[in-house]
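The values are calculated or read from the model by the stated rules, or taken from the named source; none is laboratory data. Predicted model, so just to flag it, every value in this text is computed and none were measured. Neighbour counts run over all protein chains shown; Cβ positions are idealised from the backbone, glycine included.
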C-alpha cells in the first residue's frame, strides 16, 4: 500500500456511445493535498494486462464491457494507492490458455491425485474454449456466460461432477486475481447444483443369509468382520 493520494472518482466517457470516437476513463489526481491537481485520461488497458486497444472494438456491447472492466481496474488500483504518473513497465496482455496453465502450475504443492483432478478439469475447460473459438481470447475476456455454457455442457453427468468443476474453476480464477491478471472472478455468483445422493441398496434377508454363508465358508476373516458390525 502506497502513501495517501487524492483523486476524483474515475468516470467512463463513452462519447454518447459513438463508436467512431475514442472512449476513455477520466479522473483527476494529486499526490498530496497541496500538490497540483492533474487530469488523467486512459484510453487503453494494456498496462493492466487487457486487450491493447478497446477503441478498435466496433461492437457497442463489447466496447462497453471492455471499458467497464477498465473502469473497475482503475478504481481498484487508485484505492490501493496507485500513482498513474509513476513510470512502470507495461504488462503484456495474457492469453486465456496461458493464464489457465499458469494458475494451474501454482497448485503443484497439493497431492498428486488432487493436482491430477485439477488438471483434468482445467483441460476440459480449455477444450471447450478451443471448440468455441475462444482460445485466442485474453483471460479478462472470459465472462460468466462462457463459464455457464461450459458447465451446462457437463450438467447431465451428475450434480457432484458439476459442482466439482465449479469449485476448481473458482479456485483457478481466484489465483489469477491474486496474481493481478484479473480484478473479478467470472465464476462468482454461479450457484451449485443440488447433488442427489443415491441410497444404498438394501439386501433381502434371504440374500443376506446366502452371502454370510458364502463368506463363512470361503472368506472367514470377512465373515467375522461382518458379525462385529
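Some notes on this structure:
- A single member of 9, 28 is in contact with a helix residue (DSSP H, G or I) (Cβ under 8 Å, 6 or more places away or on another chain) and over 25 Å from residue 178 (Cβ atoms), and it is 9.
- Of all residues making up segment 195-221, the number that are surrounded by fewer than 11 Cβ atoms within 10 Å (Cβ to Cβ) and either at pLDDT 75 or above or touching a strand residue (DSSP E or B) at 6+ places or on another chain (Cβ under 6 Å) (or both): 8
Residue-by-condition table, conditions (1) within 12 Å of the chain's Cα centre (by Cα); (2) at pLDDT below 90:
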| position | (1), (2) |
| --- | --- |
| 122 | yes, no |
| 132 | no, no |
| 137 | no, yes |
| 158 | no, yes |
| 161 | no, no |
| 164 | no, no |
| 171 | yes, no |
| 176 | yes, yes |
| 184 | yes, yes |
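- Check on residue 192, under 16 Å from residue 104 (Cα atoms) and surrounded by fewer than 14 Cβ atoms within 10 Å (Cβ to Cβ): no
- Residue check for residue 39: outside any loop (DSSP other than H, G, I, E, B), assigned by TED's automatic domain parsing to the domain that holds residue 12, touching a residue at least 12 places away in the same chain (Cβ under 8 Å) and in contact with a strand residue (DSSP E or B) (Cβ under 6 Å, 6 or more places away or on another chain): yes
- Listed by position, the helices (runs of 4 or more DSSP H) inside segment 91-181 whose residues that are in contact with a helix residue (DSSP H, G or I) (Cβ under 6 Å, 6 or more places away or on another chain) number at least 3 are 96-105, 112-131, 159-178.
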